[in-house]
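What follows is one structure encoded as structure tokens, with my remarks underneath.
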Amino acid sequence: MIFDVRTYDILMGRVPEYMEAVREVALPVRERYGVRLAGWYFSDIGEQNQVIHIWAYRDYSHYQEARESFRKDPQWINDYTPRVKDLILRQRNQMMQASDFFEERLKT
């Protein structure tokens, strides 16, 4: 299993608006293509207006297929992207692999 860890810096005070778009559109669209949410966090102490998403994929092949699919999804194109494109100041991505003891716990 691999994990796409995304860190976003969001405009000041707009994290709730961003979270709403993810809850209503991004999460259901990604789930349609077999992408699992492994973690979703926003800052409380320290650097503010920061969000971290962690999306789980079976392997790199699944990552490529799902990414191609959800990026072509009409709901992603017409609903999600327009809602969030002006909220994000900066984005950083990492692909991570899970330890064997984490994957066991994720399956439950």
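Scanning the range 1-27 for residues that are open to solvent by less than 60 Å² (accessible area, probe 1.4 Å) and either without any contact (Cβ under 8 Å) to a residue 12 or more places away in the chain or of a type in the set (D, E, K, R) (or both) yields ASP4, ARG6, ASP9, LEU27.
Of GLU65, GLU31, GLU47, all but one fail to be in a loop (DSSP other than H, G, I, E, B) and open to solvent by 80 Å² or more (accessible area, probe 1.4 Å); the exception is GLU47.
Restricting attention to the range 82-91, the residues that are in a strand (DSSP E or B) and open to solvent by 70 Å² or more (accessible area, probe 1.4 Å) add up to 3. Report whether or not GLY13 is in a loop (DSSP other than H, G, I, E, B) and not aromatic (Phe, Trp, Tyr). Answer is yes for this residue. The residue of the range 51-61 that is farthest from LYS72 (Cα to Cα), among those that are under 13 Å from the mean Cα position of the chain (by Cα) and open to solvent by 30 Å² or more (accessible area, probe 1.4 Å), is ILE52. Do you know which residues across the range 66-85 are of a type outside the set (Gly, Ala, Ser) and touching a residue at least 24 places away in the same chain (Cβ under 8 Å)? Matches in the range 66-85: PHE70, ASP73, GLN75, TRP76, ASP79, TYR80, ARG83, VAL84.
The values are calculated or read from the model by the stated rules, or taken from the named source; none is laboratory data. These numbers were taken from a predicted model, which means no experiment stands behind them. Methodologically, a virtual Cβ is constructed for each residue, glycine included, from the backbone with ideal geometry; neighbour enumeration extends over all protein chains shown. Heavy atoms of the whole protein, side chains included, go into the accessibility calculation; ligands, DNA and RNA do not. Shrake-Rupley method; radii C 1.70, N 1.55, O 1.52, S 1.80 Å.
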